[in-house]
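Engineer: First the structure, then my questions, so here it is.
The values are calculated or read from the model by the stated rules, or taken from the named source; none is laboratory data. Since we're looking at a predicted model, the values are computed, not measured. Glycine also receives a Cβ, built like all others from the backbone with ideal geometry; neighbour counts cover every protein chain displayed. The area values use the complete protein model at the heavy-atom level, side chains included, leaving out ligands, DNA and RNA. Shrake-Rupley method; radii C 1.70, N 1.55, O 1.52, S 1.80 Å.
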2 protein chains.
Amino acid sequence: MSDKHYLALSGGVGGAKLAHGLAQVLAPEQLTIAVNVGDDFEHLGLPIWPDLDTVLYTLAGIANPDQGWGRADESWQVLDELKQLAGPSWFLLGDKDIALHLARRHLLDQGLDASTVAQSLAKRLGIHQRVLPVSNDPLRTLVETDEGWLEFQRYFVGRRAEPTLQSLQFKGAQQAQLAPGVREALTHPGLAGVILCPSNPYLSIMPMLAVAELKERLQTLTVPVVAVSPIVAGMALKGPAAKIMAELGVEPKANTIAELYHDFVDLTLVDNADAELVAGDRRCLATATVMKTVDDRKALARQCLAEIERLQQC
Amino acid sequence: MSDKHYLALSGGVGGAKLAHGLAQVLAPEQLTIAVNVGDDFEHLGLPIWPDLDTVLYTLAGIANPDQGWGRADESWQVLDELKQLAGPSWFLLGDKDIALHLARRHLLDQGLDASTVAQSLAKRLGIHQRVLPVSNDPLRTLVETDEGWLEFQRYFVGRRAEPTLQSLQFKGAQQAQLAPGVREALTHPGLAGVILCPSNPYLSIMPMLAVAELKERLQTLTVPVVAVSPIVAGMALKGPAAKIMAELGVEPKANTIAELYHDFVDLTLVDNADAELVAGDRRCLATATVMKTVDDRKALARQCLAEIERLQQC
């Protein structure tokens with residue numbers, strides 16, 4: 001299996017867990033993880049890449065286990081003082097997290113592209129897989145709500161995703177090129193399959209698919225593409241995916257995920273809780289998708305790889 | 001005395017102490033403190049204004065008492081993690097200090113000029129005096145050494161002022177306009193005098209005098225200008241002033257300070273340790289200039305004001 005290569009597409013918390021599982025069961029050189037950049041923004045001069053950081057922290061085993069972002073054993077000296085100074089404190093920045101953003105700023109200031117910066121930070125955290133932004137170019141999710149257009153983090157963190165979502169725009173997507181390292185994974189002679197991790201389809205996966213080359217290559221790929229539904233029993237395990245789908249007039253159900261990705265995903269793994277819902281739907285397979293432990297992550301990763309192998313033999 | 005106004009020119013630590021003394025003995029509306037900007041730089045995306053911050057921290061009573069920079073009761077979570085990440089750690093940034101830089105970044109990002117930003121930060125720290133950068137425009141000290149030209153902080157902090165200094169350049173000085181608030185102080189109908197605080201003449205005072213309008217106004221001022229020598233018994237109390245003066249071929253002696261400023265300073269206060277040195281020199285007056293306590297700062301401030309009053313009556 002060691003000459004086989006896999007590409008995983010991931011957003012934040014749920015996606016990062018499966019990416020971690022894949023990293024546990026594959027050799028480092030077998031895995032490329034492409035990460036959503038739509039949430040990225042600059043705040044107080046700090047370049048903040050929330051999904052990439054969550055993937056890095058999760059793979060390094062230093063993610064906060066209780067929240068969907070940030071580091072374990074974090075301290076809050078800077079933010080506490082920033083509050084004292086009446087500075088903006090709506091976006092929670094821990095001290096260790098700030099250090100990563102400052103290290104990234106330093107690398108960016110040297111003229112390095114986003115992929116090189118991501119790889120450099122990954123190595124410093126002891127991560128040997130390729131963890132790459134889907135694009136080195138700016139691509140920013142904008143959210144149209146009943147309160148008007150909002151920058152993503154203003155909506156997601158500043159307003160806790162409370163405003164009703166009406167539409168999404170991925171600013172810069174038309175100009176954004178696929179990151180060379182992601183293209184390399186997709187054209188890798190040993191590419192065995194692609195895994196869409198269980199991330200928010202609208203806020204994490206679609207901004208990635210908005211990079212035209214990625215969607216085109218996925219649509220014409222000859223190897224299997226397997227998705228894992230982030231929706232379990234009509235709810236998102238974390239985050240506002242179900243709320244957003246309902247607001248956009250899409251039923252927040254596991255089989256809807258298969259429908260959303262129908263033009264390039266061969267199989268969607270849904271949770272056993274949704275087994276009845278997908279009974280008879282050959283595009284879906286019910287299994288245990290909820291990852292509470294590292295063993296859960298590894299088991300789901302193994303199943304993704306097994307399904308890819310099975311589909312390849314069809 | 002309450003309708004009298006005073007302008008103090010200050011660099012970092014020594015200057016900040018006298019500025020603090022003046023702030024203690026004058027009403028807030030009587031004092032404008034213009035601060036050197038030549039040391040300012042951007043580091044890891046953070047706008048760092050070392051001299052202004054030292055003045056702010058000193059006036060707010062939160063300066064580190066043992067070092068010439070930074071805050072008391074500081075923590076180092078961010079820098080510790082930055083070291084873990086192999087990020088640049090040559091410039092020491094405490095957590096509370098970082099918070100101030102982030103708050104400043106936020107204000108600058110709103111398009112506010114440097115004076116407005118400085119005043120806003122001062123207010124948040126409970127400071128009611130006008131503490132202003134000498135110019136709102138970029139003006140950066142560059143240092144020519146036996147190792148070539150260095151940016152100021154690379155020389156001062158990165159190389160601990162060890163390379164032999166050959167010459168100085170104040171980049172941007174020709175274009176830099178005097179900050180409007182400093183001009184207001186100099187044209188204040190109640191202006192009673194100007195105090196040059198005991199700061200490094202080459203690294204703190206000269207970058208300020210490089211703003212042409214400041215030097216011109218000081219040279220043509222009708223009210224007294226009093227300086228306090230930062231050199232005591234041939235040495236600087238803090239920092240490399242004596243080393244630098246020697247490298248530039250200037251005798252590091254208290255009366256040299258009077259010589260340097262001869263075209264606009266009416267009286268230079270030197271320490272009693274140098275009383276013999278300045279005996280018979282009417283431009284100099286020996287007194288106690290070493291400020292170990294807050295009372296020392298207030299006493300020296302009162303003497304500066306008394307000398308201004310005496311000179312005015314001459």
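Engineer: Mind checking which residues of region A:130-189 are charged (D, E, K, R) and part of a strand (DSSP E or B)?
Structural biologist: If the condition is that a residue be charged (D, E, K, R) and part of a strand (DSSP E or B), then A:Arg130, A:Arg140, A:Glu144, A:Glu151, A:Lys171 are the ones that fit.
Engineer: Further, regarding this structure: Looking only at region B:1-60, which residues are polar (S, T, N, Q), more than 23 Å from B:Val211 (Cα to Cα) and at pLDDT 95 or above?
Structural biologist: Correct list: B:Gln24, B:Gln30, B:Thr58.
Engineer: Go through (1) within 14 Å of chain B (Cβ to nearest Cβ); (2) farther than 22 Å from A:Arg183 by Cα; (3) surrounded by 18 or more Cβ atoms within 10 Å (Cβ to Cβ) and name the single condition A:Asn64 misses.
Structural biologist: In the conditions (1) within 14 Å of chain B (Cβ to nearest Cβ); (2) farther than 22 Å from A:Arg183 by Cα; (3) surrounded by 18 or more Cβ atoms within 10 Å (Cβ to Cβ), A:Asn64 misses (1) alone.
Engineer: A further question follows. Return only the number of the condition from (1) open to solvent by 50 Å² or more (accessible area, probe 1.4 Å); (2) within 21 Å of A:Ala173 (Cα to Cα) that A:Ala246 does not satisfy.
Structural biologist: (2)
Engineer: For region A:139-157, which residues satisfy the criterion of being touching a residue at least 40 places away in the same chain (Cβ under 8 Å) and more than 14 Å from chain B (Cβ to nearest Cβ)? Write out each step before concluding.
Structural biologist: Applying the first criterion (touching a residue at least 40 places away in the same chain (Cβ under 8 Å)) to region A:139-157 yields A:139-141, A:151-153, A:156-157.
Of everything in region A:139-157, those that are touching a residue at least 40 places away in the same chain (Cβ under 8 Å) and more than 14 Å from chain B (Cβ to nearest Cβ) turn out to be A:Leu139, A:Arg140, A:Thr141, A:Phe152, A:Gln153, A:Phe156, A:Val157.
Engineer: Can you find a residue in region A:243-266 that is touching a strand residue (DSSP E or B) at 6+ places or on another chain (Cβ under 6 Å), at pLDDT 95 or above and part of a helix (DSSP H, G or I)?
Structural biologist: Looking through region A:243-266, none of the residues is touching a strand residue (DSSP E or B) at 6+ places or on another chain (Cβ under 6 Å), at pLDDT 95 or above and part of a helix (DSSP H, G or I).
Engineer: Okay, next question. I'd like the full set of residues that are of a type outside the set (Gly, Ala, Ser), over 19 Å from B:Glu42 (Cβ atoms) and surrounded by fewer than 17 Cβ atoms within 10 Å (Cβ to Cβ), limited to region B:160-182.
Structural biologist: If we filter region B:160-182 for residues that are of a type outside the set (Gly, Ala, Ser), which is where we start, we get B:160, B:162-166, B:168-171, B:174-175, B:177-178, B:180, B:182.
The next check asks that each one be over 19 Å from B:Glu42 (Cβ atoms); those that pass are B:160, B:162-166, B:168, B:174, B:177-178, B:180, B:182.
B:Arg160, B:Glu162, B:Thr164, B:Gln166, B:Gln174, B:Gln177, B:Pro180 - these are the residues of region B:160-182 that are of a type outside the set (Gly, Ala, Ser), over 19 Å from B:Glu42 (Cβ atoms) and surrounded by fewer than 17 Cβ atoms within 10 Å (Cβ to Cβ).
Engineer: Go through region B:79-119 and count every residue that is under 21 Å from B:Phe156 (Cβ atoms), of a type in the set (Gly, Ala, Ser) and not in a helix (DSSP H, G or I).
Structural biologist: Count: 3.
Engineer: Please identify the pairs in which a residue from region A:68-87 that is of a type in the set (Val, Ile, Thr) and at pLDDT 95 or above has its Cβ atom under 9 Å from the Cβ atom of a residue that is open to solvent by less than 30 Å² (accessible area, probe 1.4 Å) and outside any loop (DSSP other than H, G, I, E, B), counting only partners at least 6 apart or on another chain.
Structural biologist: A:Val78/A:Asp95; A:Val78/A:Ile98; A:Val78/B:Val78; A:Val78/B:Asp95; A:Val78/B:Ile98; A:Val78/B:Ala99; A:Val78/B:Leu102
Engineer: For region B:274-293, give me each residue that is among the hydrophobic types (A, V, I, L, M, F, W, C) and part of a loop (DSSP other than H, G, I, E, B).
Structural biologist: So in region B:274-293, the residues among the hydrophobic types (A, V, I, L, M, F, W, C) come out as B:275, B:277-279, B:284-286, B:288, B:290-291.
Once the filter is applied, which keeps residues that are among the hydrophobic types (A, V, I, L, M, F, W, C) and part of a loop (DSSP other than H, G, I, E, B), region B:274-293 yields B:Ala275, B:Leu277, B:Val278, B:Ala279, B:Ala288, B:Val290, B:Met291.
Engineer: Filter region B:70-118 down to the residues that are more than 8 Å from every other protein chain (Cβ to nearest Cβ), among the hydroxyl-bearing types (Ser, Thr, Tyr) and either touching a Gly at 6+ places or on another chain (Cβ under 8 Å) or open to solvent by 40 Å² or more (accessible area, probe 1.4 Å) (or both) and list them by number.
Structural biologist: B:Ser115, B:Thr116
Engineer: Another question, then. Restricting attention to region B:44-55, does a residue exist that is under 30 Å from B:Glu307 (Cα atoms), within 14 Å of chain A (Cβ to nearest Cβ) and either surrounded by fewer than 24 Cβ atoms within 10 Å (Cβ to Cβ) or within 20 Å of the chain's Cα centre (by Cα) (or both)?
Structural biologist: Among the residues of region B:44-55, at least one is under 30 Å from B:Glu307 (Cα atoms), within 14 Å of chain A (Cβ to nearest Cβ) and either surrounded by fewer than 24 Cβ atoms within 10 Å (Cβ to Cβ) or within 20 Å of the chain's Cα centre (by Cα) (or both), which makes the answer yes.
Engineer: Consider A:Thr58 carefully, then state whether it is touching a His at 6+ places or on another chain (Cβ under 6 Å) and in a helix (DSSP H, G or I).
Structural biologist: yes
Engineer: How many residues are of a type in the set (Gly, Ala, Ser), farther than 20 Å from A:Ile205 by Cβ and at pLDDT 95 or above if we restrict to region A:276-314?
Structural biologist: Count: 4.
Engineer: Here's a follow-up. Could you check region A:25-56 and list, in sequence order, the residues that are within 15 Å of A:Val117 (Cα to Cα) and of a type in the set (Phe, Trp, Tyr)?
Structural biologist: Hit for region A:25-56 is A:Trp49, nothing else.
Engineer: Can you tell me how many residues in region A:119-134 are open to solvent by less than 40 Å² (accessible area, probe 1.4 Å) and either at pLDDT below 95 or within 12 Å of chain B (Cβ to nearest Cβ) (or both)?
Structural biologist: Counting residues in region A:119-134 that are open to solvent by less than 40 Å² (accessible area, probe 1.4 Å) and either at pLDDT below 95 or within 12 Å of chain B (Cβ to nearest Cβ) (or both) gives 4.
Engineer: Answer yes if at least one residue in region A:294-303 is open to solvent by 50 Å² or more (accessible area, probe 1.4 Å) and assigned to a loop (DSSP other than H, G, I, E, B), and no otherwise.
Structural biologist: Checking region A:294-303: not a single residue is open to solvent by 50 Å² or more (accessible area, probe 1.4 Å) and assigned to a loop (DSSP other than H, G, I, E, B).
Engineer: Being under 19 Å from A:Asp137 (Cβ atoms) and open to solvent by 20 Å² or more (accessible area, probe 1.4 Å) is the filter here, so list the residues in region A:210-227 that pass it.
Structural biologist: Answer for region A:210-227, where residues must be under 19 Å from A:Asp137 (Cβ atoms) and open to solvent by 20 Å² or more (accessible area, probe 1.4 Å): A:Ala210, A:Ala212, A:Glu213, A:Lys215, A:Glu216, A:Arg217.
Engineer: What's the number of the only condition in (1) modelled with pLDDT of 95 or more; (2) over 17 Å from B:Trp49 (Cα atoms); (3) open to solvent by 50 Å² or more (accessible area, probe 1.4 Å) that B:Asp137 fails to meet?
Structural biologist: It is condition (2) that B:Asp137 fails.
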